[in-house]
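Engineer: Have a look at this one.
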Amino acid sequence: MQLSAIVGAMTETVETDMVDAWRGLLFAHAKVVRALEADMLEEHDLPITWFDLLSRLKQAPDQRLRMHQLEEASVFTRSGLTRVSDRLEEAGFVRREQSAEDRRGVYLAITQAGIDKIDEVWPDHLVSIHKHFGQYLDRRDAESLQTATEKILDDDSR
């Protein structure tokens with residue numbers, strides 16, 4: 001067999017493996033997120049998108065972020081983020097704060113009610129994560145997956 005044929009076969013296998021891994025990750029993610037959402041809605045009447053934003057705000061410096069920071073750290077479009085933020089504000093879980101440095105800037109800050117909700121939901125969410133995701137991974141699987149996703153997330157070229 002010629003070298004070019006060997007390289008071509010290797011490339012095809014590598015590409016197939018990567019595409020299969022990508023598809024697996026994509027479909028597993030969708031399945032797990034649907035299950036986590038169902039558990040969270042059933043147990044706490046909280047959409048997972050709300051939980052995600054509240055968690056990010058709780059962990060942020062001063063427990064607040066500018067809207068563009070939230071947009072960069074989430075899967076929302078600007079309009080989607082605005083809609084979710086409006087609903088969170090109506091529920092009393094967040095408040096908007098004007099920036100002292102930039103009059104046009106707006107922060108979204110978590111309220112005590114939002115912190116209390118995250119603290120209430122968190123233990124059940126951990127159980128749900130284990131039930132729908134963690135139980136299928138051993139330590140090596142988890143480390144490999146974390147390493148791969150960190151490489152992707154740390155690449156600032158995109």
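The values are calculated or read from the model by the stated rules, or taken from the named source; none is laboratory data. Everything numeric in this text was worked out from a predicted model, so none of it was measured. A quick note on method: Cβ atoms are made from the backbone with ideal geometry, for glycine too, and the neighbour counts reach across all protein chains shown.
Engineer: Scan region 78-86 and tell me whether some residue there is modelled with pLDDT under 95 and either under 22 Å from A142 (Cβ atoms) or touching a strand residue (DSSP E or B) at 6+ places or on another chain (Cβ under 6 Å) (or both).
Structural biologist: yes
Engineer: A follow-up question, please. So if I check each of E120, E143, which one is part of a helix (DSSP H, G or I), surrounded by 10 or more Cβ atoms within 10 Å (Cβ to Cβ), touching a residue at least 60 places away in the same chain (Cβ under 8 Å) and more than 17 Å from the chain's Cα centre (by Cα)?
Structural biologist: Answer to the selection: E120.
Engineer: Does any residue in region 67-84 that is surrounded by 14 or more Cβ atoms within 10 Å (Cβ to Cβ) come within less than 9 Å, Cβ to Cβ, of a residue that is in a helix (DSSP H, G or I) and among the hydroxyl-bearing types (S, T, Y) six or more places away or on a different chain, and which pairs are these?
Structural biologist: M67/T82; M67/S85; L70/S85; S74/T49; F76/T49; F76/T82; V84/T49
Engineer: If the requirement is being over 26 Å from V32 (Cβ atoms) and buried (at least 16 other Cβ atoms within 10 Å of the Cβ), which of these qualifies: R104, R64?
Structural biologist: Just a single option satisfies the conditions, and that option is R64.
Table: residues versus (1) within 23 Å of D116 (Cα to Cα); (2) aliphatic (A, V, I, L, M); (3) surrounded by 12 or more Cβ atoms within 10 Å (Cβ to Cβ); (4) touching a residue at least 60 places away in the same chain (Cβ under 8 Å).
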| position | (1), (2), (3), (4) |
| --- | --- |
| D20 | no, no, no, no |
| R23 | no, no, no, no |
| F27 | no, no, no, no |
| V32 | no, yes, yes, yes |
| A38 | yes, yes, yes, no |
| L41 | yes, yes, yes, no |
| T49 | yes, no, yes, no |
| D52 | yes, no, yes, no |
| S55 | yes, no, yes, yes |
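Engineer: Does G114 satisfy the condition of being modelled with pLDDT of 95 or more and part of a loop (DSSP other than H, G, I, E, B)?
Structural biologist: Details: modelled with pLDDT of 95 or more: yes; part of a loop (DSSP other than H, G, I, E, B): no.
The answer is no for G114.
Engineer: Separate question: Picking from A73, A91, A100, which residue would you name as being modelled with pLDDT of 90 or more and out of contact with any Pro (no Cβ under 6 Å at 6 or more places or on another chain)? Spell out how you get there, then give the answer.
Structural biologist: Working: A73 fails: modelled with pLDDT of 90 or more; A100 fails: modelled with pLDDT of 90 or more.
When all the criteria are applied, what remains is A91.
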